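Read the structure below first, then the notes.
Nothing in this text is a laboratory measurement; each read-out follows from the coordinates by a stated rule. Keep in mind the model is a prediction, meaning the values are calculated, not measured. Cβ coordinates were reconstructed from backbone atoms using ideal geometry, including for glycine residues, and neighbour counts include every protein chain displayed.
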């Protein structure tokens, strides 16, 4: 796991290696309620990889959960993302600024993972 500073307090956990076991351990620490979703996604990705004889489903699994962890390990960033998603879902105002900020958060998370 690599440690990346996040202001004076830092992230909740270091960014894990991009393996299913390391991702599962990280999710167990920062979002234990999501373990069943991760397990189901891994099962589906493995099944699809076997059926298609392609690693693409497993790569998509790693990408999805690595970005999730990169966001969630920073509580302020995760809270801001949820607020932006609420703004978009509510449809009460022009969502373009929120969508642009969501895209920025996700791009920063992808960069943090090395993806």
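Quick rundown of the values:
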{"item": "Tail fraction, Cα-Cα pairs, segment 66-115, threshold 15 Å, whole percent", "result": "43 percent"}
{"item": "Using alpha-carbon coordinates, inclination of helix 75-90 to the longest axis of the chain, degrees", "result": "80 degrees"}
{"item": "Within the chain, helix-based [θ] at 222 nm, where runs of 4 or more DSSP H residues each add -39,500 (n - 2.57), nearest 500", "result": "-23000 deg cm²/dmol"}
{"item": "Relative contact order [Cα under 8 Å, 6+ residues apart], the chain, whole percent", "result": "23 percent"}
{"item": "Angstrom value of the Kirkwood radius, inverse mean 1/r, which spans all Cα pairs in the chain", "result": "15.2 Å"}
{"item": "Simple label model, 7 Å out from Cα along Cβ direction - residue 90 to residue 76, nm", "result": "2.2 nm"}
{"item": "Angle in degrees between helix 96-113 and the longest Cα principal axis of the chain, rounded to the nearest 10", "result": "40 degrees"}
{"item": "C-alpha long axis of helix 56-72 to longest principal axis of the chain, angle in °", "result": "40 degrees"}
